[in-house]
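Coordinate-derived values only; no laboratory data. Owing to the predicted nature of the structure, the values given are computational and were not obtained by experimental measurement. Cβ placement follows ideal geometry from the backbone for every residue including glycine, while neighbour counts extend to all protein chains displayed.
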């Protein structure tokens, strides 16, 4: 089974008139002002899954600032999962700074969504105020044994839309504050798993943390897979495309170039996600 752990589908109203959402949603404008930045719907992702051999995908929207917008996008996720219950796994996405965020997470759970994410703090990184706003969402997720997926990025290197002013210290503070949560860090966790090589503290702090491969072909050489397998552990790597940013075939090619065995690719592309999500 192949499971894509990181995909976005967006409400049709937004896809049809994205420019209407730029004025009071600066993070959305940052990522999607360019017409080259793709927006996808449920039919698009199912078509790509069918074409490229993906069995199931974790789908979520965008962390809109306005509650009416993240509610509408979450409703779209619920509809998509109900339409394709054997293909799609829905996560609830909110802006943790919005006063309705916690109630929305509770509403989404009652509507059948089974995780939270991709949560992102594009303007600040994961600073102390962000951690405080995350706390009640993390409490609910821990109580429900649900995964929380968070946007992270490497703190050095080239700039690009959506790269936050995030530090490895912030990421480490996050995982230490919520040690009993199942956490997935997007985009290889900004590389924090490299510090598993330290003899103290980091490895234990990252024991419930997983790393997805979203945007990897844009960020890292294919050797990242071999290093992550050795340092983080094969079981901690989750195949995620960040679709529609990239399609699955780009990742399959890089995994082969990295010299992974068929069994290792199978673990990354599905078995690890299957175990984490408790899928039969």
**OP:** Provide the packing ranking of 204-217, 242-255, i.e. peptides ordered by the mean count of other C-beta atoms within 10 Å per residue, highest first.
**Re:** 204-217, 242-255
**OP:** Could you please rank 124, 241, 114, placing first whichever residue has the fewest other Cβ atoms within 10 Å of its Cβ?
**Re:** 124, 114, 241
**OP:** Could you tell me which label, among (i) 52, 51, 35; (ii) 47, 43, 39; (iii) 77, 45, 35, carries the value of Cα extents along the principal axes in Å calculated for this structure?
**Re:** (ii)
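As a footprinting exposure proxy, order 279, 134, 219 by other Cβ within 10 Å, with the fewest listed first.
Details: 279 12, 134 24, 219 19.
In increasing order of surrounding Cβ atoms, one gets 279, 219, 134.
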Subject >> Between segment 177-245 and segment 1-74, the alpha-carbon center distance in angstrom >> reply: 23
Subject >> Paramagnetic reach from residue 107 in segment 132-160 [backbone N under 17 Å; point 7 Å along Cα→Cβ] >> reply: 137
Original post:
Using mean Cβ contacts within 10 Å as the protection proxy, how do 229-235, 82-88, 187-193 order, highest first?
Top reply: 187-193, 229-235, 82-88
